[in-house]
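Structure first, commentary second.
We did not get these values from a lab; they are worked out from the coordinates using the rules stated. Computed from a predicted model, the values in this text were never measured in an experiment. Note that each Cβ is placed from the backbone with ideal geometry, even for glycine, and that neighbours are counted across all protein chains shown.
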Amino acid sequence: MASFHVSKQLLDPAIIVMREVLDVKAEERMLIITNPTPDVYIISRALFLAAKKFGATPTLAVQPVKGSFDYAEPAIIGAIKTAPEIVLSISAQRLGKDKEALTNPYKAYDGRTYHHIFDFLLYGEKKIRAFWTPTITTKIFIKTIPINYAELRARCGRILHAMTCAKEIHIKTELGTDLLIGVEGRKPFVDDGDFRASGQGGNLPAGEVFISPRLGSSNGTLVFDGSIGLDKTLIIKQPIILKVKDGFVTNVEGGQEANILAKFLKKAEKAPFELAKKEKLEKNKVSEYAANARNLGEFGIGLNSKAEIVGNLLEDEKVLGTVHIALGENYDQDAPALIHCDGIVKKPTVEINGKTIMEKGQLLI
């Protein structure tokens, strides 16, 4: 075990994860999926050792780094299919897509379909609990994991209450964001670091409440001025200005980051057709996947007081005083796409059903 040593600086937050976030029990099976790159691999080792201290049975599975358009290794998909009580994805970029499920999706008891075994077991069957930390670094792990989870959950709870049964969200900023998002009939999700029961999962670091916009309901101007997560996170030097009509981005303007985003969206629009030619995507889904690359798939509010904009979306989207909006796939499983990329908006004023809950980045509730 000496060769599997990790520093106390990493082990201490890993122990907090086991106790405060997962409430790990003796003999529970835990699958930790990672990559052979320094930060995520050593964090995974810390989580492995912490799980052992709680009497769990962890397995560490390592696969090559995966990007937005890559598949997870078949052995990884097979390991998830065994449905361990806990599944952790500690990845340098992405877990990777489920090749089999893209052409033969899983159907849950409620009729919803899932294009990844991970989502199916977590949200559909509620057989596992999980968290995922794409692009995490040791610095982020040490800084943002040891927080007051009771305080965070209370803050998240107030925002969740405000979003529940909401019909419309209005976001404005001094840089020009003026966006109306319809959310009637949508259920908000909370990422408050409470993954202690089956069917619960989210990011670590935790700290956001988010919702999928109603399809076709978003209109106005959106200006990203914090960072944006593509295959890697870019800190935005010149604001990215997006025009939104009936739920889709129709135009992208700005500087270098805007050009990179525009190219990324074009790639995401073309990729479904290429996959269908290779019989790796259902042909009747191609047009839908392509169109949804420009879909507004998420509105979220960052609520972690220790998070800062550092050029890593995993932390950036949790920053207290910001909101983020994602392009691509949503969380209600009715807008499938090959991407889900979040952009950060700093110091917004946010109204929910006409009531101001945040003014220039300051929470009012």
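Which Cα, out of 224, 166, 204, lies furthest along the positive dipole direction of the stretch 147-363 (beta carbon charges, K/R +1, D/E -1)?
Among 224, 166, 204, the one farthest towards the positive end of the dipole of the stretch 147-363 is 224.
Please state the charge dipole magnitude for the chain, taken about the Cα centre, from unit charges on C-beta atoms (+1 on K and R, -1 on D and E), reported in debye and rounded to the nearest 20.
Roughly 400 debye for the chain.
In the chain, what percentage of the DSSP-assigned beta bridges are antiparallel, given to the nearest 5?
Roughly 75 percent of the beta bridges in the chain run antiparallel, per DSSP.
Helix-only mean residue ellipticity at 222 nm, the chain, DSSP H runs n ≥ 4 weighted -39,500 (n - 2.57), per residue, nearest 500. What is it?
-7500 deg cm²/dmol
Mind listing the phi-derived Karplus ³J(HN,Hα) values for the stretch 111-117, rounded to whole Hz, using 6.51, -1.76 and 1.60 with θ = phi - 60°, and x for any glycine or proline?
x, 6, 10, 10, 9, 8, 4
Pop out the ³J(HN,Hα) list for the stretch 48-57 in order, Karplus 6.51 cos²θ - 1.76 cosθ + 1.60 with θ = phi - 60°, rounded to Hz; leave Gly and Pro as x.
4, 5, 5, 4, 4, 5, 9, x, 7, 10
Could you tell me what % of all Cα pairs in the chain have separations over 27 Å?
When all Cα pairs of the chain are counted, 45 percent exceed 27 Å.
Please list the non-local residues whose amide H lies under 5 Å from the amide H of residue 91, H modeled 1.01 Å from N, same-chain partners needing a gap of 5 or more.
Residues meeting the criterion, in which the H sits 1.01 Å from N, are 133, 135, 136.
May I ask what percent, to the nearest 5, of DSSP beta bridges between residues of the stretch 2-138 are antiparallel?
That works out to approximately 15 percent antiparallel.
Quick one: dipole size for the stretch 283-343, taken about the Cα centre, charges +1 on Lys/Arg Cβ and -1 on Asp/Glu Cβ, in debye to the nearest 20.
With only Lys, Arg, Asp and Glu charged at Cβ, the dipole is about 160 debye.
Given an 8 Å cut-off on Cα distances and at least 6 residues of separation, report the relative contact order of the stretch 159-263 as a percent.
It rounds to 20 percent for the stretch 159-263.
Subtracting the Cα-Cα distance from 0.36 nm times the residue separation, let me have the gained length for residue 164 to residue 283 in nm, one decimal.
Gain on extension, residue 164 to residue 283, equals 39.2 nm.
Neighbouring Cβ atoms within 10 Å as the yardstick, rank 31, 204, 327, 363 fewest first.
Ranked by crowding around the Cβ, least crowded first: 363, 31, 204, 327.
Test of understanding: ordering 99, 52 by Cβ neighbours within 10 Å, fewest first, what list do you get?
52, 99
Among rounded, prolate and oblate, which fits the stretch 2-138 when a ≥ b ≥ c are the square roots of the eigenvalues of its C-alpha gyration tensor, a/c under 1.5 means rounded, and a/b larger than b/c means prolate?
Oblate.
From Cα pairs below 8 angstrom and at least 6 apart in sequence, can you work out the relative contact order of the chain, rounded to a whole percent?
14 percent
For the stretch 1-93, run through the GluC sites (Glu not before Pro) and keep only the ones in DSSP coil with at most 10 other Cβ atoms within 10 Å of their Cβ.
27
Near the amide H of residue 59, under 5 Å away, which other amide H atoms are found, from residues 5 or more places off or on another chain, if H is placed in the peptide plane?
Residues meeting the criterion, in which the H sits 1.01 Å from N, are 30, 31, 32.
Can you tell me the FRET efficiency between residue 363 and residue 126 if r is taken as the Cβ-Cβ distance and R0 is 41 Å, rounded to the nearest 0.05?
Efficiency, from the Cβ-Cβ distance: 0.85.
In whole Hz, with x marking every Gly and Pro, tabulate ³J(HN,Hα) for the stretch 222-233 from phi via Karplus 6.51 cos²θ - 1.76 cosθ + 1.60, θ = phi - 60°.
10, 10, 7, 9, x, 8, 9, x, 10, 5, 9, 7
Would you mind working out the magnitude of the charge dipole of the stretch 228-292 relative to its Cα centre, with +1 at each Lys and Arg C-beta and -1 at each Asp and Glu C-beta, to the nearest 20 Debye?
In total the dipole reaches around 180 debye.
Just to be sure I understand the curve: with the Debye formula and one point per C-alpha of the stretch 64-177, what is log10 I(q)/I(0) at q = 0.11, 0.16, 0.19 Å⁻¹?
-0.56, -1.02, -1.12
For a quick check: with amide H placed at 1.01 Å from N, whose amide H comes under 5 Å from residue 298's, ignoring anything fewer than 5 positions away on the same chain?
HN-HN under 5 Å from residue 298: 326.
Mind checking which of 86, 211, 142 has the largest fluctuation in a GNM of the chain, springs on alpha carbons under 10 Å?
Fluctuation is largest for 142.
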